[in-house]
Amino acid sequence: MSQTSTRPEADIKFAYWVPNVSGGLVVSKIEQRTHWGIEYNTRLAQTAEQAGFDYALSQIRFTAGYGAEYQHESVSFSQALLHATSKLKVLAAILPGPWHPAVVAKQLSTIDHLTNGRIAINVVSGWFRGEFHAIGEPWLDHDERYRRSEEFIRALRGIWTTDKFSFHGDFYRFHDYTLQPKPLSQPHPEIFQGGSSRAARDMAARVSDWYFTNGNTPDKLKAQIDDIQAKAAQNGRYVKIGVNAFVIARDTEEEAKAVLAEIIAKADPEAVNAFGDAVKQAGQASPEREGNWATSTFEDLVQYNDGFRTNLIGTPQQIAERIVALKAIGVDLVLCGFLHFIEEVEYFGRKVLPLVRELEAQRALVAA
Ligand SMILES: Cc1cc2nc3c(=O)[nH]c(=O)nc-3n(C[C@H](O)[C@H](O)[C@H](O)COP(=O)(O)O)c2cc1C
């Protein structure tokens with residue numbers, strides 16, 4: 001398996017959620033100056049690149065679900081964003097089941113060549129039974145979904161790095177398969193995954209380059225990270241960690257808190273509860289009941305991935321300090337959602353990011 005077993009010395013990285021799904025990232029009737037279309041997203045990607053963001057994360061959804069009436073497909077949308085930028089890396093979300101690893105390996109290898117090595121993948125394992133039912137995909141048990149995802153990742157990595165690749169799994173089989181051309185990125189495009197359950201963590205410790213988890217408090221995140229890294233170390237690996245946060249940065253703390261209060265006050269209870277029912281089924285379906293959303297409250301669920309819990313809500317200084325504290329507990333990347341994406345990404349780049357870099361430099365000096 002690729003990768004070193006120690007944490008790389010690096011600045012904390014930033015990603016933003018691509019709003020390729022309508023309705024923004026909060027299930028609320030508050031005004032959102034965010035649009036799911038390509039014109040808005042092209043300007044957003046260019047703004048984010050300029051602001052200092054490293055990655056953009058696209059989403060995959062096949063059906064409306066709750067509060068997301070329109071959904072552009074992740075791989076093709078990611079490619080459009082890559083062609084509109086020059087440094088930003090874009091993560092295409094992929095669901096094993098609808099996608100076969102041979103198709104993904106081929107598709108992403110080509111995109112990697114077209115974009116000078118800037119495509120990456122986020123393997124998601126599925127939480128929405130209704131969606132699978134709608135497109136005629138069998139809905140596997142929770143841990144079976146992860147067993148399939150792990151085979152998917154092993155197959156993908158094998159195809160990307162090996163000639164005459166053979167694999168005999170329960171879900172996928174390959175016989176002396178040689179992909180040409182192999183991807184430009186070496187050893188291969190980065191492999192991210194999303195999920196927090198026991199099965200998700202163990203899969204990360206074994207095969208993923210990056211582990212993405214829902215928002216949470218620093219102590220809960222630390223427990224999760226320590227758990228994963230201990231297992232990864234047994235496999236001679238280090239897994240990079242990305243954490244979701246819904247960022248509300250304003251000149252004063254009062255303003256930021258007022259925005260949060262308004263988002264929650266204007267939450268759409270029917271949609272939040274329906275989303276909550278679906279994801280809790282998914283989270284509690286994991287045998288240990290620790291999956292994403294297993295303990296989410298109504299307020300948490302107003303943001304799709306518990307992003308308020310990370311508490312990047314306040315002034316640029318408060319947020320920068322909390323980000324550096326996240327880095328200290330083992331977080332390598334913050335995945336940011338915003339209410340009004342373009343204007344807030346620009347503000348984040350101008351006001352928050354320079355403070356983060358200053359604090360990181362100060363800490364490095366102290367440690368030296
Ligand atoms: C950062 C992040 C991004 C995700 N993106 C998607 C997505 O685009 N589409 C999707 O169906 N699920 C997505 N998921 C859901 C996960 O793949 C997984 O199904 C869910 O978190 C439940 O995981 P668990 O059973 O391990 O708790 C995402 C999860 C995270 C943490």
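The values are calculated or read from the model by the stated rules, or taken from the named source; none is laboratory data. None of the values given here were measured: they were computed from a predicted structure. Because the Cβ atoms are built from the backbone with ideal geometry, glycine has one as well, and the counts that use them run over all protein chains shown. What goes into the accessible areas is simple: the full protein's heavy atoms, side chains included, and nothing from ligands, DNA or RNA. Shrake-Rupley method; radii C 1.70, N 1.55, O 1.52, S 1.80 Å.
At a glance:
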{"item": "Flag for Asp227 being within 30 Å of Ala10 (Cα to Cα), within 15 Å of the ligand (Cβ to nearest atom) and among the acidic types (Asp, Glu)", "result": "yes"}
{"item": "Qualifying residue in the stretch 240-256 (condition: at pLDDT below 95, open to solvent by 20 Å² or more (accessible area, probe 1.4 Å) and acidic (Asp, Glu))", "result": "no"}
{"item": "Test: residue in the stretch 192-203 that is more than 13 Å from the ligand (Cβ to nearest atom) and either within 28 Å of Cys336 (Cα to Cα) or in a strand (DSSP E or B) (or both)", "result": "no"}
{"item": "Residue satisfying all of: in the stretch 122-134; within 12 Å of the ligand (Cβ to nearest atom) and more than 16 Å from Gly194 (Cβ to Cβ); surrounded by the most Cβ atoms within 10 Å (Cβ to Cβ) among these", "result": "Phe132"}
{"item": "Some residue of the stretch 105-123 being of a type outside the set (A, V, I, L, M), in contact (Cβ under 8 Å) with a residue 24 or more places away in the chain and closer than 19 Å to Asn214 by Cβ", "result": "yes"}
{"item": "Residue within the stretch 180-190 that is part of a loop (DSSP other than H, G, I, E, B), within 16 Å of the ligand (Cβ to nearest atom) and open to solvent by 10 Å² or more (accessible area, probe 1.4 Å) present", "result": "yes"}
{"item": "Residues satisfying the stated conditions in the stretch 276-293, i.e. surrounded by 22 or more Cβ atoms within 10 Å (Cβ to Cβ) and within 21 Å of Phe338 (Cα to Cα)", "result": "Asn292, Trp293"}
{"item": "Unmet criterion (only one of (1) within 15 Å of the ligand (Cβ to nearest atom); (2) outside any helix (DSSP H, G or I)) for Asp251", "result": "(1)"}
{"item": "Count of the stretch 135-156 residues which are open to solvent by less than 60 Å² (accessible area, probe 1.4 Å), assigned to a helix (DSSP H, G or I) and touching a helix residue (DSSP H, G or I) at 6+ places or on another chain (Cβ under 9 Å)", "result": "10"}
{"item": "Qualifying residue in the stretch 34-45 (condition: touching a helix residue (DSSP H, G or I) at 6+ places or on another chain (Cβ under 8 Å) and under 30 Å from Ala205 (Cβ atoms))", "result": "no"}
{"item": "Pair list, Cβ under 7 Å, 6 or more apart: the stretch 246-272 residue more than 22 Å from Leu353 (Cβ to Cβ) and in contact (Cβ under 8 Å) with a residue 12 or more places away in the chain, other residue open to solvent by 60 Å² or more (accessible area, probe 1.4 Å) and outside any loop (DSSP other than H, G, I, E, B)", "result": "Ile264/Glu299; Val272/Phe298"}
{"item": "Evaluation of Arg289 against (1) basic (Lys, Arg); (2) within 16 Å of the ligand (Cβ to nearest atom); (3) closer than 25 Å to Glu31 by Cα (one fails), failing number", "result": "(3)"}
{"item": "Flag if Glu360 is surrounded by 15 or more Cβ atoms within 10 Å (Cβ to Cβ), farther than 27 Å from Ile30 by Cβ and of a type in the set (Asp, Glu)", "result": "yes"}
{"item": "Residue tally, condition assigned to a helix (DSSP H, G or I) and either without any contact (Cβ under 8 Å) to a residue 12 or more places away in the chain or more than 30 Å from Ile342 (Cα to Cα) (or both), over the stretch 204-245", "result": "18"}
{"item": "Test: residue in the stretch 86-97 that is small (Gly, Ala, Ser), within 16 Å of the ligand (Cβ to nearest atom) and open to solvent by 30 Å² or more (accessible area, probe 1.4 Å)", "result": "no"}
